[in-house]
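Undergrad: Quick one: structure below, then a few questions.
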């Protein structure tokens, strides 16, 4: 299960999402507790990127270890060393491969073995034939044994309703200590799933009191561009900070938000004038980078940018309509010069996009008459 263990790697400028789990690697007869990284493209990093087939070979040869000898030497790099005493492992090579395959499915938002099991259970509950029960049982047993207790997301009942349901009255579950399933137990399991279905239906239609938690509009990518002149219908190009949309701020005129930002960042009045009158936003930035920055600029720059964006969309209604037309989409802004302002294939903080979303929300509030701006 992925949980909050989220990571990524970058390949050819593309962010590949991933996750990690603990594992032991046996190198030279020594066992190292380390992190096993699993990525959405199916590669696994076990001290080197390998495919799932190569990973199975790493398990077969014991490079990735799932069993440990009495007295075997183990360590965590630069933290501790110890020897195994009465070691016991819950994993086998087969179980670990199955869990890794599930993780790759989860990273790709595909049904994993648990998802496939629950889908088969739904088929059985809709048409309770022995054939459908057998299919559900097969799907349940395909879930790695270490993960079955989590299948229902219910740590009180764990997998009891599942194993009873797929065994059926008079059947036996996969656990040797379970008794033969009685009719009463089976009826109780059926009632559990009926209540679960009712709860899922209610949950699927529930909307938080202050609105949806995720955008319904697809994300919009504001890629690198160098606009030198205004056009009649700029589209999303008009949302770039360097788009030539003149603004007036504190009785000063600037050719674009970018010009204003860089002019306000410097201390020298002469440089500020040169930046303001620079032919392009790129030229304005170059002049600013060669001049001293205002003291504390890094702490105030987001507030300055927010004010400049408000001025831009207040003073250019056509551009405000373009911003409003993005609805509630996540705005992904690239900035080849800054990982602070740009998203840059997931390597940046995307503050430019985030502040555009803030100003868009303010415009929407004004349009709805909720706030007087």
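Undergrad: Could you look through segment 358-373, keep only residues that are outside any loop (DSSP other than H, G, I, E, B) and out of contact with any helix residue (DSSP H, G or I) (no Cβ under 9 Å at 6 or more places or on another chain), and pick out the one that is nearest to residue 304 (Cα to Cα)? Spell out how you get there, then give the answer.
TA: So in segment 358-373, the residues outside any loop (DSSP other than H, G, I, E, B) come out as 358-367.
After this cut, where a residue has to be out of contact with any helix residue (DSSP H, G or I) (no Cβ under 9 Å at 6 or more places or on another chain) as well, the list is 361, 365-366.
Details: 361: 18, 365: 21, 366: 21 Å.
Checking each candidate, the answer is 361.
Undergrad: Condition first: more than 31 Å from the chain's Cα centre (by Cα), in contact (Cβ under 8 Å) with a residue 40 or more places away in the chain, under 29 Å from residue 268 (Cα atoms) and assigned by TED's automatic domain parsing to the domain that holds residue 268. Can you find one or more residues in segment 300-309 that meet it? Lay out the reasoning, then the answer.
TA: First, pick out the residues of segment 300-309 that are more than 31 Å from the chain's Cα centre (by Cα): none.
So far as segment 300-309 goes, no, none of its residues is more than 31 Å from the chain's Cα centre (by Cα), in contact (Cβ under 8 Å) with a residue 40 or more places away in the chain, under 29 Å from residue 268 (Cα atoms) and assigned by TED's automatic domain parsing to the domain that holds residue 268.
Undergrad: Another question, if that's okay. Is there a residue in segment 144-152 that is in contact with a helix residue (DSSP H, G or I) (Cβ under 8 Å, 6 or more places away or on another chain), free of Cβ contacts under 8 Å to residues at least 40 places away in the same chain and outside the structural domain of residue 333 (by TED's automatic domain parsing)?
TA: Taking segment 144-152 and keeping what is in contact with a helix residue (DSSP H, G or I) (Cβ under 8 Å, 6 or more places away or on another chain), we get 144-148, 150-152.
Then drop every residue that is not free of Cβ contacts under 8 Å to residues at least 40 places away in the same chain, which leaves 148, 151.
When the remaining residues are screened for being outside the structural domain of residue 333 (by TED's automatic domain parsing), the result is 148, 151.
Yes, because at least one residue in segment 144-152 is in contact with a helix residue (DSSP H, G or I) (Cβ under 8 Å, 6 or more places away or on another chain), free of Cβ contacts under 8 Å to residues at least 40 places away in the same chain and outside the structural domain of residue 333 (by TED's automatic domain parsing).
Undergrad: May I pose another question? Hey, can you tell me all the residues within segment 340-358 that are surrounded by 19 or more Cβ atoms within 10 Å (Cβ to Cβ) and within 18 Å of the chain's Cα centre (by Cα)?
TA: Selection gives 342, 343, 344, 348, 350, 351, 353.
Undergrad: For residues that are part of a loop (DSSP other than H, G, I, E, B) and under 13 Å from residue 100 (Cβ atoms), scanning just segment 1-40, find the one that is farthest from the chain's Cα centre (by Cα). Outline the logic, then answer.
TA: Pass one, segment 1-40, residues part of a loop (DSSP other than H, G, I, E, B): 1-5, 12-13, 28-29, 40.
Subsequent filtering for residues that are under 13 Å from residue 100 (Cβ atoms) retains 1-2, 40.
On the way: 1: 14, 2: 11, 40: 12 Å.
Once the filter is applied, the top-ranked residue is 1.
Undergrad: So for segment 68-80 (the condition being within 25 Å of the chain's Cα centre (by Cα), part of a loop (DSSP other than H, G, I, E, B), at positive phi and modelled with pLDDT of 95 or more), does at least one residue qualify? Can you show your working first?
TA: Just the residues of segment 68-80 that are within 25 Å of the chain's Cα centre (by Cα), to begin with: none.
Taking every residue of segment 68-80 in turn, none turns out to be within 25 Å of the chain's Cα centre (by Cα), part of a loop (DSSP other than H, G, I, E, B), at positive phi and modelled with pLDDT of 95 or more.
Undergrad: Any residue in segment 226-246 that is buried (at least 18 other Cβ atoms within 10 Å of the Cβ), more than 37 Å from the chain's Cα centre (by Cα), in contact (Cβ under 8 Å) with a residue 24 or more places away in the chain and in the same structural domain as residue 342 (by TED's automatic domain parsing)?
TA: No, the conditions are met nowhere in segment 226-246.
Undergrad: Another one. Can you tell me which condition residue 216 does not meet? The list is (1) surrounded by 18 or more Cβ atoms within 10 Å (Cβ to Cβ); (2) closer than 30 Å to residue 118 by Cβ, and all the others hold.
TA: (1)
Condition check ((1) touching a helix residue (DSSP H, G or I) at 6+ places or on another chain (Cβ under 9 Å); (2) over 22 Å from residue 143 (Cβ atoms); (3) in contact (Cβ under 8 Å) with a residue 12 or more places away in the chain; (4) assigned by TED's automatic domain parsing to the domain that holds residue 148) across all residues:
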| position | (1), (2), (3), (4) |
| --- | --- |
| 164 | yes, no, yes, yes |
| 169 | yes, yes, yes, yes |
| 183 | no, yes, yes, yes |
| 203 | no, yes, no, no |
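Undergrad: In segment 240-261, how many are touching a helix residue (DSSP H, G or I) at 6+ places or on another chain (Cβ under 6 Å), in a loop (DSSP other than H, G, I, E, B) and more than 21 Å from residue 334 (Cα to Cα)?
TA: 0
Undergrad: Related question: Would you mind finding the one in 320, 365, 329, 325 that is in contact (Cβ under 8 Å) with a residue 60 or more places away in the chain and either in the same structural domain as residue 243 (by TED's automatic domain parsing) or over 26 Å from residue 18 (Cβ atoms) (or both)?
TA: Working: 320 fails: in contact (Cβ under 8 Å) with a residue 60 or more places away in the chain; 365 fails: in contact (Cβ under 8 Å) with a residue 60 or more places away in the chain; 325 fails: in contact (Cβ under 8 Å) with a residue 60 or more places away in the chain.
After applying the criteria, what remains is 329.
Undergrad: Residue 90 passes all but one of (1) modelled with pLDDT of 95 or more; (2) in the same structural domain as residue 24 (by TED's automatic domain parsing); (3) surrounded by fewer than 20 Cβ atoms within 10 Å (Cβ to Cβ); (4) under 29 Å from residue 168 (Cα atoms); which number fails?
TA: Going through (1) modelled with pLDDT of 95 or more; (2) in the same structural domain as residue 24 (by TED's automatic domain parsing); (3) surrounded by fewer than 20 Cβ atoms within 10 Å (Cβ to Cβ); (4) under 29 Å from residue 168 (Cα atoms) one by one, residue 90 breaks only (1).
Here's the yes/no breakdown for (1) in contact (Cβ under 8 Å) with a residue 60 or more places away in the chain; (2) touching a strand residue (DSSP E or B) at 6+ places or on another chain (Cβ under 7 Å):
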position: 29; (1), (2): no, no
position: 33; (1), (2): no, yes
position: 56; (1), (2): no, no
position: 60; (1), (2): no, no
position: 75; (1), (2): no, yes
position: 78; (1), (2): no, no
position: 83; (1), (2): no, yes
position: 107; (1), (2): yes, yes
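Undergrad: Related question: With assigned to a helix (DSSP H, G or I), modelled with pLDDT of 95 or more and under 21 Å from residue 357 (Cα atoms) as the only criterion, which of 237, 264 stands out?
TA: Details: 264 fails: under 21 Å from residue 357 (Cα atoms).
Among 237, 264, only 237 is assigned to a helix (DSSP H, G or I), modelled with pLDDT of 95 or more and under 21 Å from residue 357 (Cα atoms).
Undergrad: Would you mention how many residues in segment 1-20 are under 24 Å from residue 150 (Cβ atoms) and touching a residue at least 40 places away in the same chain (Cβ under 8 Å)? Give the steps one after another, and end with the answer.
TA: Taking segment 1-20 first, the residues under 24 Å from residue 150 (Cβ atoms) are 1-7, 17-20.
Still in the list and also touching a residue at least 40 places away in the same chain (Cβ under 8 Å): 1-2, 17-19.
Residues in segment 1-20 being under 24 Å from residue 150 (Cβ atoms) and touching a residue at least 40 places away in the same chain (Cβ under 8 Å): 5 in total.
Undergrad: Go through segment 315-339 residue by residue and tally those that are outside any loop (DSSP other than H, G, I, E, B), surrounded by fewer than 17 Cβ atoms within 10 Å (Cβ to Cβ) and touching a helix residue (DSSP H, G or I) at 6+ places or on another chain (Cβ under 9 Å).
TA: At the first step, the residues of segment 315-339 found to be outside any loop (DSSP other than H, G, I, E, B) are 315, 317-324, 331-333.
Add one more test, that the residue is surrounded by fewer than 17 Cβ atoms within 10 Å (Cβ to Cβ), and what stays is 315, 317-318, 321, 324.
Checking the rest, the ones that are also touching a helix residue (DSSP H, G or I) at 6+ places or on another chain (Cβ under 9 Å) come to 318, 324.
Residues in segment 315-339 being outside any loop (DSSP other than H, G, I, E, B), surrounded by fewer than 17 Cβ atoms within 10 Å (Cβ to Cβ) and touching a helix residue (DSSP H, G or I) at 6+ places or on another chain (Cβ under 9 Å): 2 in total.
The values are calculated or read from the model by the stated rules, or taken from the named source; none is laboratory data. Here the structure is a predicted model, which means the values were calculated and not measured. Every residue, glycine among them, receives a Cβ derived from its backbone with ideal geometry; neighbour counts consider all protein chains shown.
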